[in-house]
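Report on the following structure.
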Amino acid sequence: MRTIRPEKQQAVAALKEAITNAKSVVLADNKGLNVAQVTKLRRELKEAGVELKVAKNTLIAIAARELGIEGLDSYLVGPTTLAFSYEDEASGAKKIREFFARERDPKFVMKAGILEGKVLDADGVKQLADLPSRDELLAQVLGGIQAPLQGVAGAINGLLSSFAYALDARIRQLEGAEA
């Protein structure tokens, strides 16, 4: 393995840090995008806690190899843009898909992804994009917890009402017997 120049070592170190800190990474081919589209995409991704970077395939390969990530080399062909999701695993893939569905522009093609140190193919990245967001998942869990509790509360309320009606009827019955 040949040695790389110091400035390239810095770029590899920066990539390694970004990959390590990210909850997921999406690798995409962005050839054909104009500067305005890239700027708009970068702005939208930043709002979602996703950083967009363009890097040389050789540097990405070195960073991945040094991090022990295997199976990425076959996806490192042509121009590669990386989207680092720092807040949640699905946000980068989801935002990229939404952006290009809205723009009706298929030029940005998801090649692969990295999730928990494992390489995902394009279908895996699409499945990641289909996952509900963290907030949606929490709402679903809370809804799942609330539904049975509401049922129990309704049952207890029904029992208490029945008991109150029975007690009221018994009191009237006793008052009627005394008169």
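Here the Karplus curve 6.51 cos²θ - 1.76 cosθ + 1.60, taken at θ = phi - 60°, turns the phi angles of the range 65-79 into couplings of 4, 5, 8, x, 8, 10, x, 8, 3, 5, 8, 8, 10, x, x Hz, with x standing for Gly and Pro. Computed over the chain with a Gaussian network model linking Cα atoms closer than 10 Å, the most mobile of 150, 127, 37 is 150.
Highest mean packing comes first when the peptides 5-11, 96-102 are listed by Cβ atoms within 10 Å, giving 96-102, 5-11.
A simple rule links phi to the HN-Hα coupling: the Karplus curve 6.51 cos²θ - 1.76 cosθ + 1.60 with θ = phi - 60°, which for the range 159-167 gives 4, 5, 5, 4, 4, 5, 5, 5, 5 Hz, with x for Gly and Pro. Using Cα centres only, tell me the gap between the range 35-59 and the range 127-167 in whole Å. Result: 41 Å between the Cα centres. Computed from the alpha carbon positions, the gyration tensor of the range 6-131 leads to an equivalent ellipsoid with semi-axes of 21, 16, 14 Å, biggest first.
Extension gain for residue 156-residue 122 works out to 7.1 nm (0.36 nm per residue, less the C-alpha to C-alpha distance).
Taken together, the values in this text are just the output of simple stated rules run on the coordinates, not laboratory data. It should be emphasised that the depicted structure is a prediction, and the values quoted were computed from it without experimental measurement. Cβ: placed from backbone, ideal geometry, glycine included. Neighbour counts: every protein chain shown.
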